[in-house]
Each structure stands twice: as structure tokens, then as C-alpha cells.
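Here the structure comes first, spelled out in C-alpha cells, and everything after it is commentary.
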Amino acid sequence: MTTPDPRPTIGLWTGTLDGVPARQAQDVAREIEAQGWQSLWFGEAYGREALTAAQLYLSATERLEVGTGIASIYARDAVATASASRTLHATSGGRFVLGLGVSHAPLVERMRGHLYGKPVAAMRDYLDALDAAPAAVAGEEANAPRVLAALGPRMLELSRDRTAGAHPYLVTPEHTATAREILDAGHADRPRLIVEQAAVVDPAADADESVWSERAHAHLNIYTGLPNYRNNWARLGFGEEDFVRGGSDRLAEAMVTRGLEATVRRVREHLDAGATTVLLQVLGESMAVPPVDDWRRLAAALELG
């Protein structure tokens, strides 16, 4: 099941909206739209519940696509997810994208108290349950487009076969090219490939490399402890020496761009490799403060306005 999306788009991925009250977060969403960004994506871990947050941002904007990157399949049963996503799809005029993922064992088992299943099998079962969920509300029969958090070949294949596409996170343009090959195999339509890319574009980083280095390694700190990412980086040619907490300099340079020019170039590399959307995660001074000025500078460099 695919939703063709031939037009390349550029958006933002951010967790910083959890750092501000709801009304202020809506103001920031409006600012993001005004800057020319075409989509806003965010994760689900310790902050706002993902589908509630999506409604918050959709209701504050008029054109912005809003996606969950990702909503954990362990956070809601499939019937609740299907119902909520249909409502969001209908009330937003089709601007909502349901990004789903299996999350990570520590978050699922220690925080949520669930048993973490085999990722591909668990996702396949959840998709089956989504498809079986009743659509009983007038005017809300249509499903929102779905994409999967996918890194390895089997989850990418499941994305291709069962959803509108894939949403890889912390990947290189080389991974994007491989993902595009898998997603296109046997398909006349072009499944969506929505790629996240981290960046530091604070002018201070241009003058002082340590600004970039500190933010890049802090960003990678939690991810280097998670097997899903380590396994994917190993497929990309990185080794155990790169998986120290916070990542090696080599890993940081591959995952986090430094400066406006390098970030614009990396966006083009992902698009040339087959991404349909590139989501830029701008790393500011604090994860609790939306980096609005950095977003504005980057939007200008990308000529989004």
C-alpha cells in the first residue's frame, strides 16, 4: 500500500516542543509554517503523547504536514491508534502522517512495562490489527497515510509492502540509496522515504568546532546505547570503536552536519539518493528550547520562503 509522493519536500524534526507549554508550542508550530518548512515531525518517549501532540500542532497551522516520528506501537492498542489517526486525517484535511515504530526495549520494558517482541513480527501483527480496526465514525472512514521507522532490510520491506513508506532516523545518504532500492523493488509507485538528518547551524559552531562537537556527541549519547541503531551503523561500515557513548568523531561527522553549507549539501545528497522528504533536526543550545533562529537561518539557506 503506497501513497505516491514525487515532490521532494523539506521539513523539521524536533523534540524541543516538549520543552514549552502547549500554547507556546502552538505558536512555535505557526512560526515553523511561516518560515516555509513543509512538515513538522517529532518523537514519542518521555514527553507528550504523540497523537495528542499531533492534534495540538495541526490545529495551530493551515498547511503544515504533521507526522509522528514515531508513535510507539506499545503506547496504544491498534484500535485506539486507528481511531485517533482517522480523526486527525479527517479534521486536518489530510495533513497528518502516522509514523509507527517498535521503539526500544529499555523504553518498552522498563518504562511502559510491556514485553518487547521481535521487531518485524511485532510490527506486522500491529499492522494486521490496524487493518482490522473498525471505522465506525461518520466522515472518518479513511486512514491516514502510514510509514514505518525502518532501518534494516526486513523492516524496509515491510514498509514497502504494507504502508506508504519508511522513516529512517540517524542514517547516511548511502543508507538512503539502499532504502530507496528496497522500497522501489516491484513497485510502480514510489513509496515515501522520509529521512531525518541532524545538524548544528549555530553561527558559533562556524567559529568554534567544539560547539558542534559538544552538541553532536550529546545528541548521540543515548542512541549509541541502543542496539537498533548500533546494528544499522554496523551495516553501514562502522565498528565497535565508533559506538562508545556519544559516538566516535567519525560517527558524529557522519550523523550530524556542521554549518549551513554542509547541511544544505547533505539535504541534496539525501534527495539525490532517493529521499522524498528530508527532516532536519537542528541541535540548539538546549533540547528544551526550540532553536527558532537557527531554523530561520536554515530556511533562508534552503530558500524555503
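The values are calculated or read from the model by the stated rules, or taken from the named source; none is laboratory data. All values reported here derive from a predicted model rather than from experimental measurement. Counting neighbours? That spans all protein chains shown, and the Cβs are built from the backbone with ideal geometry, glycine included. When the accessible area is computed, the model is the full protein with side chains, heavy atoms only, and any ligands, DNA or RNA have been set aside. Shrake-Rupley method; radii C 1.70, N 1.55, O 1.52, S 1.80 Å.
Applying the criterion of being assigned to a loop (DSSP other than H, G, I, E, B) and modelled with pLDDT of 95 or more to the residues of the stretch 45-58, the residue that is surrounded by the fewest Cβ atoms within 10 Å (Cβ to Cβ) is Glu49.
Residues in the stretch 64-79 that are farther than 15 Å from Thr14 by Cβ, open to solvent by less than 10 Å² (accessible area, probe 1.4 Å) and part of a loop (DSSP other than H, G, I, E, B): there are none.
Residues that are under 21 Å from Glu65 (Cα atoms) and in contact with a Phe, Trp or Tyr (Cβ under 9 Å, 6 or more places away or on another chain) within the stretch 179-214 comprise Ile194, Val195, Glu196, Gln197, Ala198, listed in sequence order. Within the stretch 249-272, restricting attention to residues that are surrounded by fewer than 20 Cβ atoms within 10 Å (Cβ to Cβ) and among the small types (Gly, Ala, Ser), the residue that is farthest from Glu214 (Cα to Cα) is Ala262. Looking across the stretch 191-234, the residues that are open to solvent by 10 Å² or more (accessible area, probe 1.4 Å), aliphatic (A, V, I, L, M) and assigned to a loop (DSSP other than H, G, I, E, B) come down to Ile222, Leu226. In this structure, is Gly305 in a loop (DSSP other than H, G, I, E, B) and open to solvent by less than 30 Å² (accessible area, probe 1.4 Å)? Answer is no for this residue. With the structure loaded, tell me whether Arg265 is part of a helix (DSSP H, G or I), at pLDDT 95 or above and touching a helix residue (DSSP H, G or I) at 6+ places or on another chain (Cβ under 8 Å) or whether it fails that test. Here the answer is no, as Arg265 does not meet what is asked. Return the pairs, sorted by first residue and then second, in which the second residue is outside any loop (DSSP other than H, G, I, E, B) and of a type in the set (Lys, Arg), the first residue lies in the stretch 273-293 and is over 18 Å from Val211 (Cβ atoms), the beta carbons are less than 8 Å apart, and the residues are 6+ apart or on different chains. Going by the 8 Å Cβ cut-off, the qualifying pairs are Ala273/Arg180; Gly274/Arg180; Ala275/Arg180; Thr276/Arg192; Thr277/Arg192. Taking the criterion of being under 24 Å from Ala149 (Cα atoms) and open to solvent by 40 Å² or more (accessible area, probe 1.4 Å), the only residue of the stretch 20-44 that qualifies is Gln38.
When Gly246, Gly237 are checked against the criterion of being surrounded by fewer than 19 Cβ atoms within 10 Å (Cβ to Cβ), in a loop (DSSP other than H, G, I, E, B), modelled with pLDDT of 95 or more and small (Gly, Ala, Ser), Gly237 stands alone in meeting it.
Among the conditions (1) touching a Lys or Arg at 6+ places or on another chain (Cβ under 9 Å); (2) within 30 Å of Asp128 (Cα to Cα); (3) open to solvent by less than 20 Å² (accessible area, probe 1.4 Å), Thr61 misses just one, which is (2).
Of the residues making up the stretch 141-161, at least one is surrounded by fewer than 18 Cβ atoms within 10 Å (Cβ to Cβ), in contact (Cβ under 8 Å) with a residue 12 or more places away in the chain, acidic (Asp, Glu) and part of a loop (DSSP other than H, G, I, E, B).
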